[in-house]
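Student: Structure in structure tokens, see below.
Read-outs: derived from the displayed coordinates by stated rules, not from any lab. Everything numeric in this text was worked out from a predicted model, so none of it was measured. Cβ coordinates were reconstructed from backbone atoms using ideal geometry, including for glycine residues, and neighbour counts include every protein chain displayed.
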Amino acid sequence: MARRMSDRSKQNLHMGEGKGKDYVPYIMTPEFNSLGTTSIIKDWKTGRSIHCMSQGEAMWYYLLRWNDSNIDIREQFPLDNKITVKIADKFGIKHPQSSVHVMTTDFLVTKNDGSLHAYSVKADRNLNDRTIELLYIEREYWKYNNVPFDMLYATDADQIMVNNIRLITEFYNKDAVYDKYSYSKHLIAIKEIELDLSQTIIDKNRLDKILEEFHYE
């Protein structure tokens, strides 16, 4: 069985703190008996390990990180317990687990203008009543902090684009390049070559055309 850490232990370890490559998520995948749904992604820009609790989170991480207006993404971001308890009491909602439990938001994104945007990720729109209650607390929390909050659904993620981003960002760093095909993926990853990744499947034929255009030898 997975071993869950107490909130006090997490706080003592400064989990949920830091920014960029130094950020430590408040929840990590080893805490869950995942059944294969959790994953750890290597951020191609910072090298930090990103802890995703579901396949939907992993897909949306790729899509959000690919957008250059998003300069930092902090996953499993902790919410101030005192505020979430007040919100739950105000609206007559049972706070999750206990009054000392720390809730989290799936992604807190920092934009290139310094503003923040919070997101919760769910598999689909078929949400039960308890999930809706907890999302209401989360929404009101970010409203209180003047931060936009939106829902993201795994069913809305563009699978072609997700797979393309995953494959090409393996070669974001030039040190990973070992042949002409990995070189072409590197050029796409650093956006020296601009492609609509939602429309183009990055296969060998497409890479050959890219190499021809760039006169790779």
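Student: Straight-line reach from residue 45: which lysines have a Cα under 23 Å away, not including same-chain ones fewer than 8 places off?
Tutor: List returned: 19, 21, 111, 174, 180, 185, 191.
Student: Give, as a single signed number, the net charge of other residues whose beta carbon lies under 11 Å from the beta carbon of residue 72, with Lys and Arg counted +1 and Asp and Glu -1.
Tutor: Values: positive: 19, 21, 45, 48, 65, 74, 111; negative: 22, 43, 75.
Local net charge: +4.
Student: Taking the Cα atoms of the chain alone, what are Rg (to one decimal) and Dmax (as a whole number) in Å?
Tutor: 19.5, 67
Student: For the stretch 181-207, list residues with backbone N below 11 Å from a point placed 7 Å from the Cα of residue 170 toward its Cβ?
Tutor: 182, by backbone N distance to the label point.
Student: Which aspartates and glutamates does residue 90 reach when only Cα atoms under 19 Å apart count, and residues fewer than 8 places away in its own chain are ignored?
Tutor: The reachable aspartates and glutamates, counting only those whose Cα sits under 19 Å from residue 90, are 80, 129, 133, 138, 140.
Student: Can you show me the helix-derived [θ] at 222 nm for the chain, built from DSSP H runs with n ≥ 4 at -39,500 (n - 2.57) apiece and divided by the number of residues, rounded to the nearest 500. Each step should come with its number before you reach the end.
Tutor: Values: 7 runs with 74 residues, N = 217.
When only DSSP H runs of four or more count, the value is -10000 deg cm²/dmol.
Student: Here's another thing I want to ask about it. If the reach is capped at under 30 angstrom between alpha carbons, list the lysines near residue 94, excluding any in the same chain fewer than eight residues apart.
Tutor: Qualifying lysines at Cα under 30 Å: 10, 82, 86, 122, 143.
Student: Normalized C-alpha radius of gyration of the stretch 24-99, against 2.2 N^0.38 Å?
Tutor: Numbers: Rg = 15.2 Å, N = 76, 2.2 N^0.38 = 11.4 Å.
For the stretch 24-99, the normalised Cα radius of gyration comes out at 1.34.
Student: Summing Lys, Arg as +1 and Asp, Glu as -1, what charge do residues with Cβ under 13 Å from the Cβ of residue 11 carry, residue 11 excluded?
Tutor: Working: positive: 8, 10; negative: 7, 17, 80.
In short, -1.
Student: Cβ neighbours within 10 Å, averaged per peptide: list 191-197, 70-76 in order, most packed at the top. Can you show the working numbers first?
Tutor: Values: 191-197: 12.3, 70-76: 21.0.
Ranking the peptides 191-197, 70-76 by packing returns 70-76, 191-197.
Student: Dipole size in debye (nearest 20) for the chain around its Cα centre, Lys and Arg Cβ +1, Asp and Glu Cβ -1?
Tutor: I would put it at about 820 debye.
Student: About its Cα centre, how strong a charge dipole does the stretch 41-160 have in debye, to the nearest 20, once Lys and Arg get +1 and Asp and Glu get -1 at the Cβ? Walk me through the numbers before you get to the answer.
Tutor: Values: 15 positive and 17 negative charges, 62 e Å.
So the dipole magnitude of the stretch 41-160 works out to roughly 300 debye.
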